[in-house]
1. Using θ = phi - 60° and the Karplus form 6.51 cos²θ - 1.76 cosθ + 1.60, what ³J(HN,Hα) does each residue of segment 53-60 get, whole Hz, x for Gly and Pro?
2. Report the full-extension gain for the segment Glu81 to Val121: residue separation times 0.36 nm, less the Cα-Cα distance, to one decimal in nm.
3. Please report the antiparallel percentage of the DSSP beta bridges confined to segment 9-136, to the nearest 5.
4. Give me the lysines in straight-line cross-link reach of Lys74: C-alpha distance below 27 Å, same-chain residues under 8 apart excluded.
5. For segment 94-105, in order, what is each residue's ³J(HN,Hα) by Karplus, 6.51 cos²θ - 1.76 cosθ + 1.60 with θ = phi - 60°, in whole Hz (x at glycine and Pro)?
6. Going by how many other Cβ atoms sit within 10 Å of their own, how do Tyr29, Tyr5 line up, fewest first?
7. Taking amide H positions as placed in the peptide plane 1.01 Å from N, state which residues far from Asp66 in sequence (5 or more) or on other chains have amide H under 5 Å from it.
8. In bins 10 Å wide, starting from 0, what share of all Cα pairs of segment 1-91 does each bin hold, as a percent?
Amino acid sequence: MAGLYPGTPAEHAIEPAIASMGVKYRWQYPTYLVEPPLRSFLDFAIWIPGHMTPDGQEWKIDFEVDDPSHDSPKKRAADKERSAALRAKGWRVVRCTNEDALRRPVATVNLLMRRLGVTAVATLPPRSSSAAPQAARQEEPTDPTDDSQPTATPQRSSRR
């Protein structure tokens, strides 16, 4: 029996920033349960109250954290196809690199949400002994990718 997907260090690093926005989200969201025929797991599914679609539904955001494998032409093509399928089902897709998730989680979340017009703001509580180094790493992300540069995430088991 296979174990649950443990997540990547980058996903673990950015999750507190996503959670701090105070919006409903789920890590490793299984799209096949609610969005057939999509058969994948989203790194983070985020629902934004107050931002409604024309048919009255809350915004659904697929927040992907991409490792370097997503730079390959084959993976980029698969990512583009998956993003198009998600958009057809009403999802907005944003992406960041592992590096930005690890080094600048709050700034990365805020930048990508601003690009969508979302006003929720990510924050993190200060850390006692490491507050200064953490703050130094929170500068503006240098290269987060978004829907204009789609990539995909392999299927994984959900831990939640």
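No lab work stands behind these numbers, since they all come straight from the coordinates. If you're wondering where the values come from, they're calculated on a predicted model, not measured in any experiment. Positions of Cβ are backbone-derived with ideal geometry, glycine not excepted, and every protein chain shown enters the neighbour counts.
1. Values, residue by residue: 7, x, 8, x, 9, 5, 4, 10 Hz.
2. Details: separation 40, 0.36 × 40 = 14.40 nm, distance 2.97 nm.
Using 0.36 nm per residue and subtracting the Cα-Cα distance, I get 11.4 nm.
3. Details: 12 of 19 bridges.
Percent antiparallel among DSSP bridges in segment 9-136 is about 65.
4. In chain and number order, the partners are Lys60, Lys89.
5. These are the phi-based 3J(HN,Hα) values: 10, 9, 9, 7, 4, 4, 5, 5, 6, 8, 9, x Hz.
6. Numbers: Tyr29 21, Tyr5 16.
With the fewest neighbours first, Tyr29, Tyr5 line up as Tyr5, Tyr29.
7. Counting only residues 5 or more places away or on other chains, the set is Cys96, Thr97, Asn98.
8. 14, 43, 36, 6, 0
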